[in-house]
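Here the structure comes first, spelled out in structure tokens, and everything after it is commentary.
Each value in this text was obtained by applying a stated rule to the coordinates, not by laboratory testing. Predicted model only: the values in this text are computed from it and were never measured. Quick reminder, even Gly has a Cβ in these numbers, built from the backbone with ideal geometry, and neighbours come from all protein chains shown.
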Amino acid sequence: MYGAGNIGRGFIGPMLSRSGFTVTFVDVSAPLIRAINAAGEYTVRIIGNAGYEDTLVTGVSALDGNDTEAVAEAIAGADLVATAVGVPVLKKIVPNLVAGIRRRLAASDKPLDIIICENLLDADKFLSALIEERLSAQERALFVRQIGLVEASIGRMVPVQTDEMRQGDPLRICVERYAFLPVDKAAFKGELPKINGLVPYAPFDYYIKRKLFLHNMGHSVCAYLGLCFGYKYISDAMDDPEILNIVKNAMLESMQALSREFGIGMEALLPHIDDLIVRFKNRALRDTCARVGNDPARKLSKNDRLIGAMSGCLKYGVVPRHIAVGAAAALCRYLKDTAQLQSAENAAAALTSLSGLEADSAPANMILEMYELFVDGTSPKFLRKSIEAYQDRTASEIV
């Protein structure tokens with residue numbers, strides 16, 4: 001399990017352990033590695049508004065990611081590999097992955113599947129390109145045949161762990177109850193692993209887009225509105241009826257586009273939105289708007305949760321008026337984070353640069369129109385009037 005952080009230790013590791021696997025974490029935090037190896041187990045606390053439940057994850061160990069020899073040996077002999085290191089770190093772990101894959105290919109023709117637990121569209125293609133450029137032509141042929149790069153959709157929310165959550169136990173990790181892992185069924189080269197909570201699905205593009213353009217998008221809209229209007233926690237922002245209204249309607253807009261793209265009935269998606277709203281309201285997680293809204297530049301990029309969701313809506317005839325509000329709030333946050341003056345000119349330049357949208361395109365104009373409301377100090381209640389201005393306009397009219 002490459003990565004012993006929130007997702008690795010709080011989600012994937014426990015799934016594997018509960019399913020009978022012996023789990024070896026790989027990380028670069030020396031204190032964390034020592035603590036895992038000393039204890040050989042740790043507690044996962046499932047928290048919710050009604051209380052908590054502790055489960056013990058046993059049979060675990062850890063390796064130092066700086067020890068290429070040990071990590072390569074572990075990868076070469078593994079039944080399964082997973083990554084949960086964060087998109088920016090993926091490139092840094094490639095040398096160790098390549099060393100392990102090279103050793104594996106030389107010693108065995110047994111397939112090895114790598115489940116990629118990162119929030120990234122086409123994560124399999126991204127990682128494949130990084131690995132293959134380091135392999136010889138002969139190794140690449142074996143790699144394509146024997147190594148499966150399996151995209152996954154990470155749904156469990158794991159907040160930044162506070163001292164209050166740890167309560168003196170550095171390994172305890174607090175998580176929400178949700179524990180399903182949709183994966184790309186068609187990408188496995190070996191047999192499907194028997195893992196409790198694994199949801200193999202094909203075509204997997206549906207699950208990736210559902211996660212990014214419903215869950216991640218709705219979460220981000222809540223976070224950026226919360227940051228704009230002075231809320232610290234996601235749950236507090238969701239208690240504001242106007243923010244709740246915008247978040248829910250943003251997800252409904254994206255849901256309509258996904259329904260039309262994949263031919264999946266709305267009745268199959270509506271319960272998912274209702275479930276997400278309940279989960280966003282989980283006070284016990286103490287998930288902050290600052291954490292969820294971190295890195296607005298990436299979240300405003302062309303194919304990510306906000307602009308990507310807007311583009312999908314317009315493609316399938318849906319007006320993304322509520323998503324545009326979230327994108328505007330993200331733009332406001334980006335300018336603040338980069339110490340730029342809040343102005344229409346700076347906002348337009350930043351949006352063009354980050355999103356790849358044409359300067360005078362309809363989506364850009366929608367976002368910038370909403371952005372001016374934030375600069376003017378509009379409250380969540382009065383945002384509704386501007387959103388309603390798009391109520392009678394069709395997607396074709398906007399485009």
Counting only DSSP beta bridges with both partners in region 32-130, the antiparallel fraction in percent, to the nearest 5, comes to 75
A correct fewest-to-most ranking of Val221, Val175 by other Cβ atoms within 10 Å would be Val175, Val221
Taking 50-62, 346-358 and ranking on average Cβ neighbours within 10 Å, highest first, one gets 346-358, 50-62
Using alpha carbon positions and the Kirkwood radius, the Rg to Rh ratio of the chain is 0.99
Percent relative contact order for region 205-398, counting Cα pairs under 8 Å at least six residues apart, stands at 25
For Met251, Met15, Met370, ascending order of other Cβ atoms within 10 Å (fewest first) is Met15, Met370, Met251
Non-local residues with an amide H under 5 Å from the amide H of Ala62, with H modelled 1.01 Å from N and Pro and chain starts lacking one, are Phe25, Asn37
Low-density loop trypsin sites (Lys or Arg not before Pro), region 140-216, at most 13 other Cβ within 10 Å, DSSP non-H/G/I/E/B, are Arg177, Lys194
Under the helix-only model (-39500 (n - 2.57) for each DSSP H run of 4 or more, divided by the residues of the chain), the mean residue ellipticity at 222 nm, to 500 deg cm²/dmol, is -15000 deg cm²/dmol
Exposure-ranked with fewest Cβ neighbours within 10 Å first, Leu32, Leu276 stand as Leu32, Leu276
One point scatterer per Cα, no solvent, Debye formula: log10 I(q)/I(0) for region 6-201 at q = 0.09 Å⁻¹ comes out as -0.33
For the chain the mean separation of alpha carbon contacts under 8 Å (6+ apart) over residue count, i.e. relative contact order in percent, is 13
Among Lys189/Lys209; Lys125/Lys336; Lys211/Lys232; Lys91/Lys248; Lys194/Lys315, the pairs whose Cα-Cα distance exceeds 32 Å are Lys125/Lys336; Lys91/Lys248; Lys194/Lys315
Which of Asp27, Asp79, Asp360 fluctuates most in a GNM of the chain (C-alpha springs under 10 Å)? That residue is Asp360
Residues meeting the amide H criterion for Leu198 (H placed from the backbone, H to H distance under 5 Å, 5 or more places apart or on another chain) are Leu181
Hydrophobic long helices for the chain, i.e. whole DSSP H runs reaching 27 angstrom or more by Cα along the axis with Kyte-Doolittle mean at least 1.6, come out as none
